[in-house]
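Just so you know, all these numbers are worked out from the coordinates, no wet-lab data involved. Small disclaimer: the values here were computed from a predicted structure and weren't measured. All Cβ positions, glycine included, derive from the backbone under ideal geometry; neighbour counts span all protein chains shown.
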Protein chains: 2
Amino acid sequence: MAKRKKPHFKRVCLIGIGLIGSSLARVMRRDGLADHIVACARKAETLETVTRLGLADSVTSDLVEAVAGADLVIICTPIGAYDAIGRAIGPALSPGCIVSDVGSVKQAVIDALSPHLPDNVHLVPGHPIAGTEHSGPESGFETLFEGRWALLTPPAGTDRKAVEKIADLWRSAGSRIEIMDPVHHDQVLAITSHIPHLIAYTIVGTATDLEDHLKSEVIKYSAGGFRDFTRIAASDPVMWRDVFLNNRDAVLEMLGRFSEDLAKLQRAIRVGDGDAMEELFTRTREIRRGVVEAQQHVPPMPQDD
Amino acid sequence: MAKRKKPHFKRVCLIGIGLIGSSLARVMRRDGLADHIVACARKAETLETVTRLGLADSVTSDLVEAVAGADLVIICTPIGAYDAIGRAIGPALSPGCIVSDVGSVKQAVIDALSPHLPDNVHLVPGHPIAGTEHSGPESGFETLFEGRWALLTPPAGTDRKAVEKIADLWRSAGSRIEIMDPVHHDQVLAITSHIPHLIAYTIVGTATDLEDHLKSEVIKYSAGGFRDFTRIAASDPVMWRDVFLNNRDAVLEMLGRFSEDLAKLQRAIRVGDGDAMEELFTRTREIRRGVVEAQQHVPPMPQDD
């Protein structure tokens, strides 16, 4: 891989420091990308953990204090908090500061933050397609983003240097960069990520409602496919609640298509139409081939089971 | 682990020798469990591969020839072939022979085979909960069953020695054994395996129907959850067609519950009911904990992405 330009920041403020924020802090520490990292979180417990792990130079639960003097602010909280965060930090941001984020939905992020940001601040929303089912600052690690996509969705007219600097940050983390339209991003992610999570949450929820004698056995014999779903359905509840609340239209559109297709398959099972099943099951193998080819040089996500 | 009794067979006949059958052949080779292994498959190409890989002592496409003199016959084909196989081999089986299988549905297997088997033959249906998304004799490996469950569903009155011998075979492969009622097996597996596969096939199918500009990006950005589904949906099409055709009632019952739960979640998204989502997403984390605890000593399934 070609040697990448390392970006440099004087004072980076991470608002929210869970799996993603703490992994990014670890990357910035490793590569010396920031003179000072300040971590901001609501819970004292989180800030104590951050201090213990040495992930930041200073910690605070005060948003205004956190962003004062920062040339980069990255919001790493659930999306539902963005509006209040934008409202609080807007007046306190330094001129020329770049504001970015890591949220899984992008148009709603722009809608929530833009009204609060002064004109001399650069908004460069981002979304690293990386994660595990674990949450909190202890669960982060510096290789989380390696070989993964980082999607950037700057609004039209955003300063190109600011966009390039955020791209360089993610390149330092080992990510591949793509600039996307935010609405298009939300449609693509609805099918690749949001609907799979929604379905996994649903099927695991269905299992929790089973009669007790069945439920214990579902856990015991989960290796047959269900286990993959439980991993996805163990993802952070508040983060995912906010994804669905903030990408409603695209999620409902894709969910509608999924439900139609499921009804067709249900009918094929009911009437014993084996040909229809075999045709579908053969077609889906092709998609897998595309996925394997597209990602053959990407390391697997870490798994603990 | 306590030392297990190794079973011994004079002549083992494997009917169908794909991922599961070839893995079992490798175990029997490794542990010297059979004096002679005969592999039976319809396609000359499969038999050539088996010969090239040294998985069997002899090969044939003739069912009657295959089972002649065998003290163990294991059917490793898709379930849809069982009735014809039972009809063909029934009159050719030696007295005292054990007939087993590895199918993912168990009551339908008993219904298909029992009428064709003479009284002096022992039917011990089995189901190893193990597999990958790959098919064919090249894809098998001798550690596939290690730490996995092998579920046995002998009909009432089955000879206990025959059941114990099949249990010992799976113990040699490294499996944990459970004896189950076939109908109960089919209910448990409907939710742990059949519905997850059905859903994965559906969502990947939905993706194949997307507009072209979205479809290519779905493949590109599949790391967000979709990729796990493509792996499941790459499983053998004919095998899975037969699972759904042969476990119809349990699959439709569980699918009904899933669809109700999905409709509830869809409504929560539409009306913006974040509390309902958060409650569900928190509840599903608990199930994951149970799964991780139940399986913490089990090695992960091999994955190639």
### Rh by Kirkwood over Cα pairs, then Stokes-Einstein D for the protein assembly as shown at 0.692 mPa s and 37 °C, µm²/s
126 µm²/s
### Query
Across all directions of projection, what mean area in square nanometres is found for the Cα convex hull of the range A:9-181?
8.4 nm²
### Summary
Here the correct list, in nm and shortest first, of distances from A:Ser94 to the same site in the other copies, label points 7 Å along Cα→Cβ, is 8.6
### Task
Using only alpha carbons, build the gyration tensor for chain A and give me the equivalent ellipsoid semi-axes, biggest first, whole Å.
37, 21, 19
### At 7 Å out from Cα toward Cβ: A:Asp209 inter-copy label distances (nm, ascending)
2.5
### Task
For A:His8, place a label point 7 Å out from Cα along the Cα→Cβ vector, do the same in each other copy, and report the separations in nm, one decimal, smallest first.
7.6
### Task
Could you give the spread of the C-alpha atoms of the range A:86-193 along their three principal axes, from largest to smallest, in whole angstroms?
35, 30, 25
## Note on the structure
Reduced to Cα centres, the span from the range B:177-204 to the range A:241-281 in Å works out to 19 Å
### Query
So, with +1 on the Cβ of K and R and -1 on the Cβ of D and E, and no other charges, what is the size of the charge dipole of the range A:182-305 about its Cα centre, to the nearest 20 debye?
100 debye
### Computed over chain A: relative contact order in percent, which uses C-alpha pairs under 8 Å that are six or more apart
17 percent
### Summary
Relative contact order in percent for the range B:9-180 (Cα pairs under 8 Å, 6+ apart) equals 23 percent
## Note on the structure
Answer in debye to the nearest 20: the dipole magnitude of the protein assembly as shown about its Cα centre, from +1 Lys/Arg and -1 Asp/Glu charges placed on Cβ, is 1340 debye
### Task
Calculate for chain A the 222 nm mean residue ellipticity that helices alone would give, adding -39,500 (n - 2.57) per DSSP H run of length 4 or more and normalising by residue count, nearest 500 deg cm²/dmol.
-15000 deg cm²/dmol
